[in-house]
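Report on the structure given below.
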Amino acid sequence: MRIGILLILGLMLSCNGSKQSATNGKAKADMELNGNYKIVSMNGEDLSSEGMELTFDASGNSVNGTSGCNKIFGNFSQNGSSMSIEALGSTKMFCEGRMELEKQFMQGLGAVNGVAVSDDGKINLVNADTVLMQLEKIEE
């Protein structure tokens, strides 16, 4: 009987521990991306001065923004901590020295499959356990 109780307690504790994300953030089922966000980092690189922004419209499931050069647009869906960004498009201006960064940005957005809040309050766009981008809400 004691062994059975210990096994049940062990299972409950291990399931509870899975709520902590491997991204050093906490998944929040009630978190809804909506509004304007600044891209502060991508793949661990500081991009806070690059002028990259995203605007999420939860009512229309649309996302648009700027790579710092071109305008981007697409659709997104979010269900708790699961998220996908699809049907991405952009304008096609050439910007000297920015095209590789823009390519990485678009590829990163297409690879997003989750969202979490980091310990410092930033929004992590993730793929599995890898943080692809960190966003900071722009207060209006």
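The values are calculated or read from the model by the stated rules, or taken from the named source; none is laboratory data. What you see is a predicted model; the values in this text were computed from it and never measured. Heads up, the Cβs are rebuilt from the backbone with ideal geometry, glycines too, and the neighbour counts pull from every protein chain shown. These area figures cover heavy atoms from the full protein model, side chains too; ligands, DNA and RNA do not enter into them. Shrake-Rupley method; radii C 1.70, N 1.55, O 1.52, S 1.80 Å.
Quick check on this structure: which one of Asn34, Asn127 is touching a helix residue (DSSP H, G or I) at 6+ places or on another chain (Cβ under 7 Å) and surrounded by fewer than 17 Cβ atoms within 10 Å (Cβ to Cβ)? Break it down stepwise before answering.
Numbers: Asn34 fails: touching a helix residue (DSSP H, G or I) at 6+ places or on another chain (Cβ under 7 Å).
From the options Asn34, Asn127, the qualifying one is Asn127.
Restricted to segment 62-100, and to residues that are of a type in the set (A, V, I, L, M, F, W, C) and within 18 Å of Tyr37 (Cα to Cα), which residue is surrounded by the fewest Cβ atoms within 10 Å (Cβ to Cβ)?
Phe73
Of all residues being more than 15 Å from Gly65 (Cβ to Cβ) and of a type in the set (Val, Ile, Thr) in segment 90-119, which is nearest to the chain's Cα centre (by Cα)? Just the residue, please.
Only one residue fits best here, namely Val115.
Lys122 passes all but one of (1) open to solvent by less than 40 Å² (accessible area, probe 1.4 Å); (2) within 10 Å of the chain's Cα centre (by Cα); (3) under 12 Å from Ile39 (Cβ atoms); which number fails?
Here Lys122 clears every test but (1).
Specify the residue that is surrounded by the most Cβ atoms within 10 Å (Cβ to Cβ); the eligible residues are those in segment 101-119 that are of a type in the set (A, V, I, L, M) and assigned to a strand (DSSP E or B).
Going residue by residue through segment 101-119, those that are of a type in the set (A, V, I, L, M) are 101, 106, 109, 111-112, 115-117.
Adding the requirement that they be assigned to a strand (DSSP E or B) leaves 115-117.
Values: Val115: 24, Ala116: 22, Val117: 17.
The extreme case among them is Val115.
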